[in-house]
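Report on the structure given below.
The values are calculated or read from the model by the stated rules, or taken from the named source; none is laboratory data. Fair warning: this is a prediction, and the values are worked out from it, not measured in the lab. Methodologically, a virtual Cβ is constructed for each residue, glycine included, from the backbone with ideal geometry; neighbour enumeration extends over all protein chains shown.
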Amino acid sequence: MNSDLKTTSLIDRHRELGAKLVPFAGYLMPIQYSSIIREHQAVRSAAGLFDVSHMGEFFVTGPEAENYLQYLTINDVSALAPGQAQYSAICNDAGRLLDDLIVYRLGDQEFMVVVNAANIAKDYQWFESHLPEQGVTLENRSDAISLIAFQGPRSRSILSEVLETNLTELPFYSLTTVQWRGRSLTVARTGYTGELGFEIFGDHDTIPVLWDGLLAAGKEAGVLPAGLGARDTLRLEMKYCLYGNDIDETTHPLEAGLGWITKLDKGEFIGRDALREAREHITRRLVCFELQERGIPRHGYDVYSGSEQIGRVTSGGQSPSLGKGIGLAYVARGWTKSGTEIEIDVRGKRLAATVVKPPFYTSGSLHS
């Protein structure tokens, strides 16, 4: 195994649980413990516990912090009250996506920005290069923070029990601070699975203890540790984009279905002019499709209508919840409407597929 790979504070737990460990974004991370399907189903029916400590955390503070983030990101930071979170993204001057991220407003002049693990260095350089001369302090605390995600319909009751605090009143995309065993934890009701769930930020000593407590408290309910494999199948069923697959520096948010977080009228931000222009000339869109025949679509597979290639698959796999092949693909505008029949070239064989409305799977727990 590559000795240059970083490990998280939970690496010993992963090994004790028999996780299959793989290189991911510079880290040695668990892809699965038992099976991807079993872990996926645990999240949909009870809860799953994920180590996501590889994600990056930037702290932005100061009297100009809001204006700074308003200029860097495409969503409207000014709409956030302290204790609220917002899904957003950063674009370059051409309106192309550098990363998608979550902005947490901790206070009037304090924010935490969580970025994708593979983009930490690139993003920090981008943030740093746009710092104003005064009024903003930027700090990368990624290496000092451990982060776990506890996702599933039973997550709130079990987490409340272990933390000895009532999380019933915490709204979706909000956060709170909890004191636990003499340490401070940030608990956010956010996630990447489409289920009711939480992400808990803490130090490297406290998070492993909480990990143990959650698995012990949830054992009877069917809670399982879950790896990157289940994380991918869960997010795919919701049409949550994966940076590097569905969005990257060749795509812009409007064609990726992220127009709802792109506030073109909020004032000046990086990429706004290019996105206003792009809005009038969109030639493709990211769509959901379901296979009508047995097969598994994968990233990079071509999409056809008759003899014409009309697009390419960005993410795909077998849906554990639906029992069929599903995927995301950029397709030319004439084929983006729900119900449109297309074909996916799976290893040289054309398989019938249908464009469908997102998400593929709807959970009753997400907004409960």
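Quick grid of which residues meet (1) modelled with pLDDT of 95 or more; (2) of a type in the set (A, V, I, L, M, F, W, C); (3) in contact with a His (Cβ under 8 Å, 6 or more places away or on another chain); (4) closer than 30 Å to residue 177 by Cβ:
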| position | (1), (2), (3), (4) |
| --- | --- |
| 203 | yes, no, no, yes |
| 254 | yes, yes, no, no |
| 259 | yes, no, no, no |
| 291 | yes, yes, no, no |
| 309 | yes, no, no, no |
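Of the conditions (1) of a type in the set (A, V, I, L, M, F, W, C); (2) crowded, with 22+ Cβ neighbours inside 10 Å; (3) closer than 24 Å to residue 26 by Cα, residue 118 fails just one. Which one is it?
All conditions are met except number (2).
Inspect region 73-81 for any residue being more than 21 Å from residue 202 (Cα to Cα), part of a strand (DSSP E or B), in contact (Cβ under 8 Å) with a residue 12 or more places away in the chain and in contact with a strand residue (DSSP E or B) (Cβ under 7 Å, 6 or more places away or on another chain) and give the result as yes or no.
Yes, that holds for at least one residue.
Would you call residue 297 within 22 Å of residue 241 (Cα to Cα), touching a residue at least 60 places away in the same chain (Cβ under 8 Å) and part of a loop (DSSP other than H, G, I, E, B)?
no
Here are some residues: 230, 188, 256. Which one is crowded, with 17+ Cβ neighbours inside 10 Å, touching a strand residue (DSSP E or B) at 6+ places or on another chain (Cβ under 6 Å) and within 23 Å of residue 317 (Cβ to Cβ)?
256
Got a sec? Which of 22, 114 is assigned by TED's automatic domain parsing to the domain that holds residue 130 and among the aliphatic types (A, V, I, L, M)?
114 is the lone residue from the list that is assigned by TED's automatic domain parsing to the domain that holds residue 130 and among the aliphatic types (A, V, I, L, M).
Among the residues of region 351-368, write down those that are surrounded by fewer than 16 Cβ atoms within 10 Å (Cβ to Cβ), in a strand (DSSP E or B) and not β-branched (Val, Ile, Thr).
352
Looking at residue 233, is it in contact with a Pro (Cβ under 7 Å, 6 or more places away or on another chain) and either assigned to a helix (DSSP H, G or I) or within 20 Å of residue 101 (Cα to Cα) (or both)?
Working: in contact with a Pro (Cβ under 7 Å, 6 or more places away or on another chain): yes; either assigned to a helix (DSSP H, G or I) or within 20 Å of residue 101 (Cα to Cα) (or both): yes.
Yes, satisfied.
Could you tell me which of the residues 205, 265 is under 24 Å from residue 72 (Cα atoms) and surrounded by fewer than 21 Cβ atoms within 10 Å (Cβ to Cβ)? Steps first, please.
Numbers: 205 fails: under 24 Å from residue 72 (Cα atoms).
After applying the criteria, what remains is 265.
Tally the residues that are among the hydroxyl-bearing types (Ser, Thr, Tyr), surrounded by fewer than 17 Cβ atoms within 10 Å (Cβ to Cβ) and touching a residue at least 60 places away in the same chain (Cβ under 8 Å), restricting the search to region 301-347.
Summing the residues that are among the hydroxyl-bearing types (Ser, Thr, Tyr), surrounded by fewer than 17 Cβ atoms within 10 Å (Cβ to Cβ) and touching a residue at least 60 places away in the same chain (Cβ under 8 Å) in region 301-347 gives 0.
Which residues, counting only those in region 276-300, are in contact with a Leu (Cβ under 7 Å, 6 or more places away or on another chain) and either among the small types (Gly, Ala, Ser) or loosely packed, with under 15 Cβ neighbours inside 10 Å (or both)?
If the condition is that a residue be in contact with a Leu (Cβ under 7 Å, 6 or more places away or on another chain) and either among the small types (Gly, Ala, Ser) or loosely packed, with under 15 Cβ neighbours inside 10 Å (or both), then 276, 278, 282, 293, 295 are the ones that fit.
Across region 1-20, which residue is nearest to residue 226 (Cα to Cα) among those that are of a type in the set (A, V, I, L, M, F, W, C) and surrounded by fewer than 18 Cβ atoms within 10 Å (Cβ to Cβ)?
Going through the qualifying residues, I end up with 17.
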